Each structure stands twice: as C-alpha cells, then as structure tokens.
Amino acid sequence: MHRRLSPRYAFAPPRRARSIGVLVAGLAAGVVLFAAGSSVASTPASSTLTVPTSVGQTVSATWTGEIPPGANPTSNCSGFEAVSDQHAVTINVAPGTYDTLEATFTFTITWTDATQDEILTVVDPDGETVGSSDGGSNVERVVATNLSQGTYNALACAFAAVLPVGYEGEVEITTSVPEASLPSADAGGLAFS
C-alpha cells in the first residue's frame, strides 16, 4: 500500500527527519556555546592561606561558585578554563616548615544535585595538574601533600551537566608529624651497575 501525499506537503521531510534535524541543530548550538564560553570566578575570587608551622593545626578557606553547563570527557578541567568556575588559592610556606611537619592540602567542592556530574582540578603555579577528581557523586576532592609556595587554581567544570550548578568549595591545610622513613638495609656487598 502506497501512501499518497497531498501536493501541499509533497516536499516536506517526514516528521522523524525534522525531529532529528532539530536535535542536531540544538547540539551544534550547544557545542558552539560550550566552546565560546567565558571563565567564571568564584566568590570570593581568591583566598590566601599560610601553612601552620606547628603540628596538629588546621587552616581553611571557603568560597561559592557556579559551574557552567557542558560536557568534558577528559575528567580534567585543565584546558577547559574558559568554561570552568575558578578559585585562586595563594599558599604561603615559611622556609623550613616541611623539615619538621607534613602538610596535607584538601581541596573539595560539593553541590546538591548529584545528577549533574562535575569535575574538580587543581593546577599549580606552573600550570601543571596537581590532581583531578571526577567520582560521579556530588562531592569531588583533590588531596596533596607539602605543596610549594605559590598561587594554585581550583577549577570546577562540568563532566556532564545540562544546567548551571551552584557549589561550595573549600581548601583545608592540616599539619601532622611526618611519617618516619624506613632505614636502608645494608647492601651486604651487592652492587648494581
């Protein structure tokens, strides 16, 4: 059985083709918006922390921000700064501090809607990635030890999010007794060349 089209609609694409066309056009517009996005700064835009010089101390700073919608299959916000919410953290370290203690740095972001999948990446003063977290929940955390003095950038970007996502960020520095290193065993006459 052949369907006969009215002359008025003879050249109109079938409904399914129009729907796919609208979907493709929407995705293309989303990619253009994603690529042309502009970076956003947190509130406040920056924090300054000094590593405590005694064991058993904790200092922290908090901020809020909004992560733009988008998609990033790399699980790392480095290279996606234009579509990331950014918070600059300046770390001050007194000379000799790490000779007597260990400092653990914990960068965390949290948000309410776990269906929006976000990424946290911490970048050092030289632009190298300290760590990146993309765990698929509404909490992302990057932990590092004995960071050098300088300004670090906490980047929050979307892994897969269709809406802007408000979040809370925190960096915490906790000092502790450094782990004792194991003494070397006697080589017993063995040598490697």
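The values are calculated or read from the model by the stated rules, or taken from the named source; none is laboratory data. Keep in mind the model is a prediction, meaning the values are calculated, not measured. Cβ atoms come from the backbone with ideal geometry, glycine included; neighbour counts cover every protein chain shown. Calculation scope for accessible area: heavy atoms of the full protein, side chains included, ligands and nucleic acids excluded. Shrake-Rupley method; radii C 1.70, N 1.55, O 1.52, S 1.80 Å.
Rolling a 1.4 Å probe across the protein heavy atoms gives the range 112-182 an accessible surface of 50 Å² per residue. When you count the other C-beta atoms within 10 angstrom of each residue and take the mean per peptide, 65-78, 149-162 line up highest first as 149-162, 65-78. Sorted on the mean count of surrounding Cβ atoms within 10 Å across their residues, most packed first, peptides 167-179, 94-106 read 167-179, 94-106. Ordered from largest to smallest accessible area (heavy atoms of protein chains, 1.4 Å probe), the residues 137, 42, 181 come out as 181, 137, 42.
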